[in-house]
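I have placed the structure first, in the form of structure tokens, so that the comments after it can refer back to it.
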Amino acid sequence: MINPALTIRTGRLILTPVGGADLPDLRAIKADPQVFAVMLGGVRNYAETAEDLARDVIAWGRHGFGMWAIRETVNRRFAGITGLDYRPDGRGVALRFALWPDAQGRGLAKEAAFAALRFGHENAGLPRIVAVARESNFGSRMVLGGIGMHEAETFEQRGYTMILYESLL
């Protein structure tokens, strides 16, 4: 049962904490290289996606924040994911988002990411939230800047220059 207090409604979206019913949608989006190749951990197979989901469900109980499934309000179509998760490199709690290509370019990523960022600060009490994007990923960088996050540092990861953004309370 999803705690209704963890569901976020925006102008065009409904964000619900990920759960077992989302596995088919998560499996599809995380297996798509067009969407997930630039994500931390890259493209995921079925077993990896199921493991990710188990960790995400546990995170909600343990930390009071986690990943949301993004659905469009009008048709309830799965558009992608957004959320907050501890980075494995110790850089902090990170905002993440990934949307299907047909959901991109309409401001949905910005709407969902801003809702997740706001939840992190206001509901989860996180004083600092980071996000990381490849220097060449202008779409993600526009979203992060557009929701008020600021460039804080650059670093190299797997041969790519990465930009760390941060939002401070």
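Every residue, every condition in (1) within 19 Å of Thr10 (Cβ to Cβ); (2) assigned to a helix (DSSP H, G or I), yes or no:
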{"position": "Gly105", "(1), (2)": "yes, no"}
{"position": "Ala109", "(1), (2)": "yes, yes"}
{"position": "Ala115", "(1), (2)": "yes, yes"}
{"position": "His121", "(1), (2)": "yes, yes"}
{"position": "Leu126", "(1), (2)": "no, no"}
{"position": "Arg141", "(1), (2)": "no, yes"}
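For Ala5, the conditions (1) exposed (fewer than 15 other Cβ atoms within 10 Å of the Cβ); (2) assigned to a loop (DSSP other than H, G, I, E, B) are fulfilled apart from (2). Within the bounds of the range 107-119, is there any residue that is within 19 Å of Phe138 (Cβ to Cβ) and surrounded by fewer than 15 Cβ atoms within 10 Å (Cβ to Cβ)? Looking for residues that are within 19 Å of Phe138 (Cβ to Cβ) and surrounded by fewer than 15 Cβ atoms within 10 Å (Cβ to Cβ), one finds at least one in the range 107-119, hence yes. Cβ-Cβ distances below 6 Å connect the following pairs, each with a first residue in the range 157-169 that is touching a residue at least 12 places away in the same chain (Cβ under 8 Å) and assigned to a strand (DSSP E or B), a second residue that is open to solvent by less than 40 Å² (accessible area, probe 1.4 Å) and of a type in the set (Gly, Ala, Ser), and a separation of six or more residues or different chains: Ile163/Ala133; Tyr165/Ala131.
I'd like the full set of residues that are modelled with pLDDT of 85 or more, farther than 15 Å from Ala79 by Cα and of a type outside the set (D, E, K, R), limited to the range 22-45. Selection gives Pro33, Val43, Asn45. The single residue among Ala133, Ala94, Ala69 that is part of a strand (DSSP E or B) and at pLDDT below 95 turns out to be Ala133.
Considering (1) surrounded by 13 or more Cβ atoms within 10 Å (Cβ to Cβ); (2) in contact with a His (Cβ under 7 Å, 6 or more places away or on another chain), the lone condition that Arg134 does not fulfil carries the number (2).
The values are calculated or read from the model by the stated rules, or taken from the named source; none is laboratory data. The structure presented is a predicted model; accordingly, all values stated were derived computationally and were not measured. We place every Cβ from the backbone using ideal geometry, glycine too, and count neighbours over all the protein chains shown. Heads up: the accessible areas ignore ligands, DNA and RNA and are worked out on the full protein's heavy atoms, side chains in. Shrake-Rupley method; radii C 1.70, N 1.55, O 1.52, S 1.80 Å.
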